[in-house]
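Participant: Before we start, here is the structure in question, set down as structure tokens.
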Amino acid sequence: MTWTKKDVLDMESLSAEEINIILDTADSLKEISKRPIKKVPTLRGKTVILFFQEASTRTRVSFDIAAKRLSADSISISASNSSMVKGETLIDTAKNLEAMSPDIIVMRHSSSGAPHLLAQRISASIINAGDGTHAHPTQALLDMMTVRERKGSLKNLRVSIIGDISRSRVARSNILGFTKMGAHVKVAAPPTMMPKGIESLGASVTGDMKSAIEGADVIMMLRIQKERQQSFLFPSEREYSKRFGLNISRLQHAKPDVLIMHPGPLNRGVEIAPEVADAPYSVILDQVTSGVAVRMAILYLLAGGMRDADDH
Ligand code: CP
């Protein structure tokens, strides 16, 4: 199978075969980051625009590093330093960027569906780097890569995602991605943070931390998305931490080889205790390392790397 997609927008539109292509490509590109000279000429002459309209550390920096390691030219713009502050619309901004012939636009936006809108209107490839509460496909892919590296396969693994499920694009993308690859996903949250109908994505639901922890091969903790909620959906952070925070004492119910994950940024002492975040079974920083490889793979595939390799 070869890569044919123009855009990477969400996990719904990626097949299991396409997910495997991305993960296999990422596996083979990962060693470039360990070389003394971390650069190959593969995407020389390609232009990548990083168009971030929401704050980001991991996603923006890793896309930038990924582009540079493949020798693409990367240019970063944000809402605050673009002419959108003067009233230019998103579509007009994108059309103006398109007029400068970029090959790929990596986009983060606070509105769900914004990258999909752009993908329909402009010819450059669009990568969704997180849109509102909807999707964060590259996060799910780097999470799957991290787990696959350690467990060998995703099939039949038990993955528990715990926290603010309602507002989490990471939770939605990971439920869809992991279930597509044969894992069993359970979500746990207080009722105020659990969206109705989440089971339709393929996850089972619990409100009980012990049930989420027992038997899990992977525990993924999520941050409370304060920036996306009108009012705090729990009496206090302390109370939330007591009921849904992951600490050493709760982990006594976990499997001995459990992996602890978190997409970042962490709120230490709220959803995850520092001694858990920094423990040997935590793969939080390995997720960040996988992020560079996965984003290199996606840039490579969208820029036609696999097609070019097949032609040779
Ligand atoms: N996980 C994640 O998307 O982190 P950033 O918001 O820092 O990019």
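The values are calculated or read from the model by the stated rules, or taken from the named source; none is laboratory data. The shown structure was predicted, so the numbers you read here are calculated from the model rather than taken from an experiment. Virtual Cβ from ideal backbone geometry, glycine too; neighbours counted across all protein chains shown. Note: areas computed on protein heavy atoms with side chains; ligands, DNA, RNA excluded. Shrake-Rupley method; radii C 1.70, N 1.55, O 1.52, S 1.80 Å.
Participant: Determine, yes or no, whether residue 236 is without any contact (Cβ under 8 Å) to a residue 12 or more places away in the chain, over 30 Å from residue 47 (Cβ atoms) and hydroxyl-bearing (Ser, Thr, Tyr).
Facilitator: yes
Participant: Moving to a separate point now. I want to confirm something. Restricting to the stretch 20-46 and keeping residues that are crowded, with 18+ Cβ neighbours inside 10 Å and not in a helix (DSSP H, G or I), which single residue is farthest from the ligand (Cβ to nearest atom)?
Facilitator: Applying the filter and picking the extreme gives 42.
Participant: Condition (residue is in contact (Cβ under 8 Å) with a residue 24 or more places away in the chain, charged (D, E, K, R), within 13 Å of the ligand (Cβ to nearest atom) and open to solvent by less than 10 Å² (accessible area, probe 1.4 Å)) applied to the stretch 141-148: is it met by at least one residue?
Facilitator: Checking the stretch 141-148: at least one residue is in contact (Cβ under 8 Å) with a residue 24 or more places away in the chain, charged (D, E, K, R), within 13 Å of the ligand (Cβ to nearest atom) and open to solvent by less than 10 Å² (accessible area, probe 1.4 Å).
Participant: Of the conditions (1) open to solvent by less than 10 Å² (accessible area, probe 1.4 Å); (2) more than 16 Å from the ligand (Cβ to nearest atom); (3) hydrophobic (A, V, I, L, M, F, W, C); (4) over 15 Å from residue 50 (Cα atoms), residue 126 satisfies every one except a single condition; which number is it?
Facilitator: (4)
Participant: Let me ask you something else. What tally of residues in the stretch 156-170 results from selecting those that are open to solvent by 10 Å² or more (accessible area, probe 1.4 Å) and either within 16 Å of the ligand (Cβ to nearest atom) or modelled with pLDDT of 95 or more (or both)?
Facilitator: The total comes to 6.
Participant: Of all residues being open to solvent by less than 40 Å² (accessible area, probe 1.4 Å) and in a helix (DSSP H, G or I) in the stretch 180-200, which is modelled with the highest pLDDT? Just the residue, please.
Facilitator: Here the residue is 198.
Participant: I've got another one for you. Tell me which residues, restricted to the stretch 252-303, are more than 16 Å from the ligand (Cβ to nearest atom), without any contact (Cβ under 8 Å) to a residue 12 or more places away in the chain and either under 30 Å from residue 125 (Cα atoms) or in a loop (DSSP other than H, G, I, E, B) (or both).
Facilitator: Residues satisfying the conditions are 256, 278, 280.
Participant: Output yes when any residue across the stretch 92-104 is part of a strand (DSSP E or B) and either farther than 23 Å from residue 159 by Cβ or within 16 Å of the ligand (Cβ to nearest atom) (or both), and no when none is.
Facilitator: Yes, some residue in the stretch 92-104 is part of a strand (DSSP E or B) and either farther than 23 Å from residue 159 by Cβ or within 16 Å of the ligand (Cβ to nearest atom) (or both).
Participant: Among the candidates 153, 173, 76, single out the residue that is modelled with pLDDT of 95 or more, within 14 Å of the ligand (Cβ to nearest atom) and open to solvent by 10 Å² or more (accessible area, probe 1.4 Å).
Facilitator: Residue meeting the stated conditions: 76.
Participant: Also, quick follow-up: For the structure I just gave you, tell me whether residue 2 is open to solvent by 30 Å² or more (accessible area, probe 1.4 Å) and in contact with a helix residue (DSSP H, G or I) (Cβ under 9 Å, 6 or more places away or on another chain).
Facilitator: yes
Participant: Show the residue pairs meeting these rules: Cβ distance below 6 Å; 6+ apart or different chains; first residue within the stretch 46-61 and more than 19 Å from residue 103 (Cα to Cα) and among the charged types (D, E, K, R); second residue more than 9 Å from the ligand (Cβ to nearest atom) and part of a loop (DSSP other than H, G, I, E, B).
Facilitator: Within 6 Å, the pairs are 54/110.
Participant: Of everything in the stretch 49-61, what is within 16 Å of the ligand (Cβ to nearest atom) and not in a loop (DSSP other than H, G, I, E, B)? Give them in sequence order.
Facilitator: If the condition is that a residue be within 16 Å of the ligand (Cβ to nearest atom) and not in a loop (DSSP other than H, G, I, E, B), then 50, 51, 52, 58, 59, 60, 61 are the ones that fit.
Quick grid of which residues meet (1) away from the ligand (no atom under 15 Å from the Cβ); (2) exposed (fewer than 15 other Cβ atoms within 10 Å of the Cβ); (3) within 16 Å of residue 127 (Cα to Cα); (4) polar (S, T, N, Q):
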residue: 63; (1), (2), (3), (4): no, no, yes, no
residue: 71; (1), (2), (3), (4): yes, yes, no, yes
residue: 81; (1), (2), (3), (4): yes, yes, no, yes
residue: 86; (1), (2), (3), (4): yes, yes, no, no
residue: 89; (1), (2), (3), (4): yes, yes, no, yes
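Participant: Still on this structure, please answer the following. Residue check, residue 119 against (1) over 19 Å from residue 300 (Cα atoms); (2) more than 16 Å from the ligand (Cβ to nearest atom); (3) assigned to a helix (DSSP H, G or I), all met but one. Which one?
Facilitator: With respect to (1) over 19 Å from residue 300 (Cα atoms); (2) more than 16 Å from the ligand (Cβ to nearest atom); (3) assigned to a helix (DSSP H, G or I), residue 119 is out only on (1).
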